[in-house]
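What follows draws every value from the coordinates through simple rules; no lab data is involved. From a predicted model like this one, the values you see are computed outputs, not experimental measurements. We place every Cβ from the backbone using ideal geometry, glycine too, and count neighbours over all the protein chains shown.
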Amino acid sequence: MSSPVAEFMLDVTARNPGEREFLQAVEEVLESIVPVLDRHPEYRSARIIQQLVEPERVVSFRVPWVDDRGQTQVNRGFRVQFNSAMGPYKGGLRFHASVNQSIVKFLAFEQTFKNALTTLPMGGGKGGSDFSVRGKSDEEIMRFCQAFMNELFRHVGADTDVPAGDVGVGGREIGYLFGQYKRLVNRFEGVITGKGLAWGGSLIRKEAAGYGTVYFAQEMLARRGESFAGKTVAISGYGNLGFHALEKLNELGAKVVTIADEDFYIHEPDGFKGEKAAYVHDLWMVHHQTVQAYSEHWNVPMQPGRPWAVPCDVAIPTAAQNEIDADDAKRLVAHGCKLVVEGANMPCTPEAVDVFRHHGVLYGPGKAANAGGVAVSGLEMSQNSARSNWSREEVDRRLREIMKRIHDACLETAESYGQPDDYAAGANIAGFLRVANAMQAQGVV
Ligand code: 2IT
């Protein structure tokens, strides 16, 4: 760690005790922006960094609900409104047993830079609950979503804070959340994105994060005169993002050979094609099942652990933070992986990224590569404001353009700060500059 960062991190650590993921995300960004602060001392004197690492607002609330047996359950809800310099707070809601304040703060911090990279007018936020959708009935999910919104509604709004989905929050949950918001405020407004097509949603929103990640990876390959045709790809999560990445990769002639849940993975050496791909589509998004169901249905053994020991040309982690550690990274390198592109948020540990850098593996950071989801959320907001609907082709074209723009911004920024091909440095610096300039222009607020 460089010493100005180490010194600053002492203070951030003292102010955010035990928030491992948040501190990891902050340190990663700070490491990248040291050269910016050296070139632009005005950010230091305006204490932009001190302001930037402090969320504008953190809301934590009780979510009581009644399960199917009549038993009261109590979960914890969060909404972190991190930074509104670029626009209304924007970012997803995550429902997963692992959710805590550190996780939502790291996600909201990352989201601030990601959203800035899209160049659409969106600030950064994130929220969620330690509620697990797995094993719950539809009625329980509805009651939970309504209870969650009974508090969240007072903090959000189409021009204030616009949530969306994330892990554990798909079309069904968005529907229940939106319905309860509308009932409480008596207004039909674009308060949430990822809505159904008949009630304000955008075409391509559900595909956007997965397609966008692949478009970004395509740009990285194209720059080296390569394409996905014939490439072997390992992915992990097979939810909304993972499945749509798989779908686009199949379309481009790649072979996706793995999917994984939290404990096991499936290796399909010939790829998930045709009916197998259709089965993967339903596995989480319709049935909320683990890979055990796939294993039994297709009579393919499931393997314990993570899928990163499987030989591949490209790895696209699509599950959760820190799912690739240094040992996984070494295995990927040893088996010939040349490109790692983050579909999930912060799936590679800093040590894993060091391994990739050391071995010349090209690395696309999530805050750039997976920005397609929130980018199309931004397009959904525009359509809601204009009360219009764009065609599939129109939204997909804009998504491609945005991903290319982000890719080019990362490269050009990295280059201009003397770190050619370092997409992580480029993403952090480009995102930082946009947010920092907006904050400075708006004064001490
Ligand atoms: O991580 C993400 O960018 C998302 N979960 C999507 C956020 C959004 O507001 O669409």
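Quick look at the values:
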{"quantity": "Eligible aspartates and glutamates near residue 273 by straight Cα distance, threshold 17 Å, same-chain separation 8 or greater", "calculated": "247, 251, 282"}
{"quantity": "Nearby lysines by direct alpha-carbon distance to residue 195 (threshold 25 angstrom, same-chain neighbours under 8 apart not counted)", "calculated": "90, 105, 114, 126, 136, 182, 206, 248, 367"}
{"quantity": "Sorted by Cβ neighbour density within 10 Å, fewest at the top, the residues 59, 300", "calculated": "300, 59"}
{"quantity": "Exposure proxy order (Cβ contacts within 10 Å, fewest to most) of 377, 295", "calculated": "295, 377"}
{"quantity": "The chain, dipole about Cα centre (Lys/Arg Cβ +1, Asp/Glu Cβ -1), debye to the nearest 20", "calculated": "1100 debye"}
{"quantity": "Among 306, 400, 39: highest mean-square fluctuation, GNM of the chain, C-alpha pairs under 10 Å", "calculated": "39"}
{"quantity": "Cα point-scatterer Debye curve for the chain, base-10 log of I(q)/I(0) at q = 0.06, 0.09, 0.11, 0.13 Å⁻¹", "calculated": "-0.23, -0.53, -0.82, -1.18"}
{"quantity": "Rounded to 5, percent antiparallel among DSSP beta bridges of the chain", "calculated": "55 percent"}
{"quantity": "Total charge dipole magnitude, region 11-93, about the Cα centre, Cβ charges on Lys, Arg, Asp, Glu only, Debye to nearest 20", "calculated": "340 debye"}
{"quantity": "Contour excess over end-to-end distance, with Cα ends at residue 277 and residue 401 and 0.36 nm allotted per residue", "calculated": "41.9 nm"}
{"quantity": "Highest-MSF residue in the chain out of 168, 343, 372 [GNM, Cα springs under 10 Å]", "calculated": "168"}
{"quantity": "Total charge dipole magnitude, region 247-347, about the Cα centre, Cβ charges on Lys, Arg, Asp, Glu only, Debye to nearest 20", "calculated": "320 debye"}
{"quantity": "Fewest-first ranking of 213, 160, 258, 290, using other Cβ atoms within 10 Å as the exposure measure", "calculated": "160, 290, 258, 213"}
{"quantity": "Gaussian network model of the chain, Cα within-10 Å springs - most flexible of 73, 146, 24", "calculated": "73"}
{"quantity": "Selection of trypsin sites (Lys or Arg not before Pro), region 253-350, meeting DSSP coil and at most 15 other Cβ within 10 Å", "calculated": "273"}
{"quantity": "Region 313-394: relative contact order in percent, alpha carbon pairs under 8 Å with at least 6 residues between", "calculated": "28 percent"}
{"quantity": "Length-normalised contact order for the chain - Cα pairs under 8 Å, 6+ apart - percent", "calculated": "15 percent"}
{"quantity": "Helical segments meeting 15 Å axial Cα length and Kyte-Doolittle 0.0 threshold in the chain (DSSP H)", "calculated": "3-15, 20-39, 101-118, 372-386, 423-442"}
